[in-house]
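> This is the structure I want to talk about, given as structure tokens.
The values are calculated or read from the model by the stated rules, or taken from the named source; none is laboratory data. These numbers come from a predicted model, not from an experiment. Ideal geometry is used to build each Cβ from the backbone, glycine not excepted, and the neighbour counts take in all protein chains shown. For accessibility, only protein heavy atoms count, side chains too; no ligands or nucleic acids. Shrake-Rupley method; radii C 1.70, N 1.55, O 1.52, S 1.80 Å.
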Amino acid sequence: MSLLRRLNAQALPLGLAGLLLWGAPATAQTLETETVKVSASRVEKELLDVPMSVSVVTKEQIKESTATTVGGLLEDVPGVQVVNSGAQGLKRISLRGENPTRVLILIDGQKIAENKSMDGTPLLVDPAIIERIEVIKGPASVLYGSEALGGVVNIITKKGGTKPIQGQITSSYNGSTKGFDESLSIYGAYKGFKYRATGFNTYQHNLSTPEGEAPHSKFKEQSGSAFLSYDFSDKFTLGGSYEQFYSDVMAGTTEDNSFYVDISPWERKKAAVFMEARNLTSFLPKLRLDAFWQDTHKKMLNHVEANSGTTSVLMNNYADNTNEQWGASMQSDWALGESNYLIAGYEFNRDGLDADTNTYSNMSIPITPFMTRKINSLTHYKYEGYMDTHAVYGLMETKLPWDFTLNYGVRQTWVRSTMNTARGDKTTTSQMMGPPTTTYSNPSAGGEGSSWESQPVFNLSLMWQGIDDMTLRAGFSQGFRVPNLQEKYIISSMGGGTVEPNASLKPEHSNNWEVGARYAAHGLALDASLFYTVATDYIATEQTGNNIYRYRNVSSAKTHGMELSGSYDLPFGFTPYVSATWMKRQYDNGDYTTWKTGVPEWTGRAGVRSLHSVNDDVDIIGDVYARFASQTQTESGSSRIEYKNDAWTTANAMLGVKFGKEKQYMVVGEVLNIFNQKYSLEPNAAIYEPGVHANIKVSVEF
């Protein structure tokens, strides 16, 4: 493309970027923001008082964002790496270098189970219902149990309002996919009742990248949710909610149209009830009971074509998986004198799996120039199993002299993994001359069986708050992850190889040491963490034959790094800020050790945002910033194959206006990747990230 054509193609977004940079007023009054509160420690506190590394995506940040997925809301959180595996509509989260299978995804404190996936738990929720997102980094198994080895993403949904009838309508356009999304919420509060109903819809076309359109990257999502609670008094509340999320997702590669994955649908349904009692006695400030039912259903087609000379192979893998969950929990808070606060609880989860997999293959093999053998086969696998998890936990906060606070806790977990059904049936038809020949067999499907795991974990941290508005902290925490049903009992035949299960797998473990500091006063906000994590008994695949692999506890990792976020309010409403992560990770698979683990050494975002009040009815917001990542290298396999991603930096700009007596109207426009940088978030990524594009979002509250 000639330079003139490139300039014409980018004229609109570059022009909008210039308008964003020029349009902010030079003088205005800085607006105050409310204190950030989080429930990461299982009791709501101000962020300054939380004894662990936590980042929060706030309600206001979500409101101003044009992101169409939850992954888009999390991409700038220190320690977070967004993983999409070629599917723009199906984001997963890596924390501090840990694989998404080792990150626990919660919605209102209740997990999404995924017992048949090699890629981890997806974010099956839409941004329209989210109040805030809390990201707990580092092992959090004492607080949240198995799978929290790398950390926790807890998505807190919106509840009721403050007036009898309120509402919000939003609509946005994404220039990288030429797609729209819309949402409508009706909510309120009246005589003790609180309610909310929300509907959401998005359809995004194939992604536009600097290399052109990425095939098989479109997706659509739809959801509906409802919440209702009633305050019988200022001490007792009863409530419930229902959510239904539907997605239709395509995944593929930029270079190869002969491979793609079609997930249609991947949906989630959830019903939950809760009871909360407050200030029952002077020593029992809170008692809460929760119960929920959740069902996630996935239908997936994995399509592969291969041609070598005159030999052709077509393979379609069809999966139909249902994860059904039942769960209940009880948590009580105890004030033990003036210096001790105890949180104690019990949790139960049953994660059931009902899965069918069909593999169809068609192969044509030339025998002579005039004769071809055709082989068709159909293999069916059937799995039925469940995991029962019981856990008790206790966490104590003790106030010590000289402004010190000691936090310590323990959790004991019991997990029973059972596979009741694991069978395979195969039909093969071969034809060269004459009538076809059909044979039947029963290939290995893995195995049936049952096993128990019992695991205690501990944490200990010390905080000092001897200086106003500052917290210094140091802590130790443990994590563990129980192998899922796929790793123990289910055979997998996707991706060009076969992975065999291993019923003898042990849980994975990790120990984490961390020091950190927070400060928030006089316009300055700082949050920094230094961490060192040692993980052992990693479950990885070992090659046992030609394209045959088996799960084993053979790997370990050591990770150290620093996470930093900071901002400072300058006069006239401008705030320079930075959020950055420096991280190094060493991986040992039992045969070799490498630092090339697919983790960029540096990632982050830096810029200047503005918040100006023109008058009582109009606020203008703006943000000019860069996102960046250093070079990424990956070394894997017995042959030590290397993949590399070059370092990248993108330039971005946003401008918005909020107006009305209650600032109930909002229009936000942004231009991302202004200089059309070609980059990807993952080593050996299937597709590049979007090129230069413009987004716009309109929101009305009433």
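> Return a yes/no flag: does segment 154-161 have any residue that is among the aliphatic types (A, V, I, L, M), in a strand (DSSP E or B) and touching a Leu at 6+ places or on another chain (Cβ under 6 Å).
There is no residue in segment 154-161 that is among the aliphatic types (A, V, I, L, M), in a strand (DSSP E or B) and touching a Leu at 6+ places or on another chain (Cβ under 6 Å).
> Inspect segment 558-573 for any residue being under 30 Å from residue 511 (Cα atoms), touching a strand residue (DSSP E or B) at 6+ places or on another chain (Cβ under 9 Å), surrounded by 15 or more Cβ atoms within 10 Å (Cβ to Cβ) and among the charged types (D, E, K, R) and give the result as yes or no.
Yes, segment 558-573 contains at least one residue that is under 30 Å from residue 511 (Cα atoms), touching a strand residue (DSSP E or B) at 6+ places or on another chain (Cβ under 9 Å), surrounded by 15 or more Cβ atoms within 10 Å (Cβ to Cβ) and among the charged types (D, E, K, R).
> Still on this model: Here are the criteria: (1) farther than 14 Å from residue 686 by Cα; (2) under 19 Å from the mean Cα position of the chain (by Cα); (3) open to solvent by 20 Å² or more (accessible area, probe 1.4 Å). Tell me which single one residue 231 does not satisfy.
(2)
> Restricted to segment 176-190, and to residues that are under 20 Å from residue 693 (Cα atoms) and part of a strand (DSSP E or B), which residue is most open to solvent (accessible area, probe 1.4 Å)? Talk me through it step by step, then tell me what you get.
Here is the first cut: in segment 176-190, the residues under 20 Å from residue 693 (Cα atoms) are 176-182.
From the residues that got through so far, the ones that are part of a strand (DSSP E or B) too are 179-182.
On the way: 179: 1, 180: 111, 181: 13, 182: 75 Å².
Ranking the qualifying residues of segment 176-190, first place goes to 180.
> Are any residues in segment 511-527 closer than 24 Å to residue 611 by Cβ and not basic (Lys, Arg), and if so, which ones?
Scanning segment 511-527 gives 519, 520, 521, 522, 523, 524, 525, 526, 527.
> Just to be sure before I move on: is residue 264 crowded, with 18+ Cβ neighbours inside 10 Å and small (Gly, Ala, Ser) in the structure I sent? Reasoning before the result, please.
Details: crowded, with 18+ Cβ neighbours inside 10 Å: no; small (Gly, Ala, Ser): yes.
So residue 264 does not fit the description; no.
> Working only within segment 98-147, note down all residues that are under 20 Å from residue 292 (Cβ atoms) and hydroxyl-bearing (Ser, Thr, Tyr).
121, 144, 146
> Which condition from (1) open to solvent by 30 Å² or more (accessible area, probe 1.4 Å); (2) in a strand (DSSP E or B); (3) within 20 Å of residue 641 (Cα to Cα) is the one that residue 590 breaks?
(2)
> Kindly evaluate residue 242 against the criterion of being touching a strand residue (DSSP E or B) at 6+ places or on another chain (Cβ under 6 Å), within 14 Å of residue 302 (Cα to Cα), in a strand (DSSP E or B) and not polar (S, T, N, Q).
no
> Given the residues 116, 111, which is the only one that is charged (D, E, K, R), within 22 Å of residue 326 (Cβ to Cβ) and out of contact with any helix residue (DSSP H, G or I) (no Cβ under 7 Å at 6 or more places or on another chain)?
111
> Additional query: Within the set of pairs 6+ apart or on separate chains, which have a first residue in segment 146-175 that is within 16 Å of residue 60 (Cα to Cα) and open to solvent by 10 Å² or more (accessible area, probe 1.4 Å), a second that is at pLDDT below 95 and among the hydroxyl-bearing types (Ser, Thr, Tyr), and C-beta atoms under 8 Å apart?
That search, which allows pairs on different chains as well, returns 156/39.
> Working carefully through the options 317, 362, find the one that is surrounded by 19 or more Cβ atoms within 10 Å (Cβ to Cβ) and in a strand (DSSP E or B).
Answer to the check: 317.
> Continuing with this model, one more query. Would you please name the residue that is nearest to the chain's Cα centre (by Cα), looking only at residues in segment 191-210 that are surrounded by fewer than 21 Cβ atoms within 10 Å (Cβ to Cβ), touching a residue at least 12 places away in the same chain (Cβ under 8 Å) and not in a strand (DSSP E or B)?
205
> Yes or no: segment 454-465 includes at least one residue that is open to solvent by less than 30 Å² (accessible area, probe 1.4 Å) and in contact with a Leu (Cβ under 8 Å, 6 or more places away or on another chain).
So far as segment 454-465 goes, yes, one or more of its residues are open to solvent by less than 30 Å² (accessible area, probe 1.4 Å) and in contact with a Leu (Cβ under 8 Å, 6 or more places away or on another chain).
> Can I ask one more? Which condition breaks for residue 504 when tested against (1) touching a residue at least 60 places away in the same chain (Cβ under 8 Å); (2) of a type in the set (Gly, Ala, Ser); (3) within 19 Å of residue 453 (Cα to Cα)?
It is condition (1) that residue 504 fails.
> What number of residues in segment 119-145 are out of contact with any Phe, Trp or Tyr (no Cβ under 9 Å at 6 or more places or on another chain), within 28 Å of residue 261 (Cβ to Cβ), part of a loop (DSSP other than H, G, I, E, B) and in contact (Cβ under 8 Å) with a residue 40 or more places away in the chain?
Selection size over segment 119-145: 1.
> Just checking, which of 430, 450 is under 30 Å from residue 511 (Cβ atoms) and in a strand (DSSP E or B)?
Among 430, 450, only 450 is under 30 Å from residue 511 (Cβ atoms) and in a strand (DSSP E or B).
> Kindly indicate which of 251, 214, 271 is more than 23 Å from residue 690 (Cα to Cα), in contact with a Phe, Trp or Tyr (Cβ under 9 Å, 6 or more places away or on another chain) and either open to solvent by less than 30 Å² (accessible area, probe 1.4 Å) or at pLDDT 95 or above (or both).
271
> Something else: Looking at (1) among the charged types (D, E, K, R); (2) over 30 Å from residue 556 (Cβ atoms); (3) modelled with pLDDT of 95 or more, which is the only condition residue 416 fails?
Here residue 416 meets the rest and fails (2).
> Checking the structure you have, find out if any residue of segment 73-89 is surrounded by fewer than 23 Cβ atoms within 10 Å (Cβ to Cβ), modelled with pLDDT of 90 or more and either part of a loop (DSSP other than H, G, I, E, B) or over 16 Å from the mean Cα position of the chain (by Cα) (or both).
yes
> Any idea which residue in segment 275-292 is farthest from the chain's Cα centre (by Cα), counting only those that are under 30 Å from residue 337 (Cβ atoms), open to solvent by less than 50 Å² (accessible area, probe 1.4 Å) and in contact (Cβ under 8 Å) with a residue 40 or more places away in the chain?
Result: 284.
> Which members of segment 616-646 meet the condition of being free of Cβ contacts under 8 Å to residues at least 40 places away in the same chain and of a type in the set (A, V, I, L, M, F, W, C)?
Result: 626, 628, 641.
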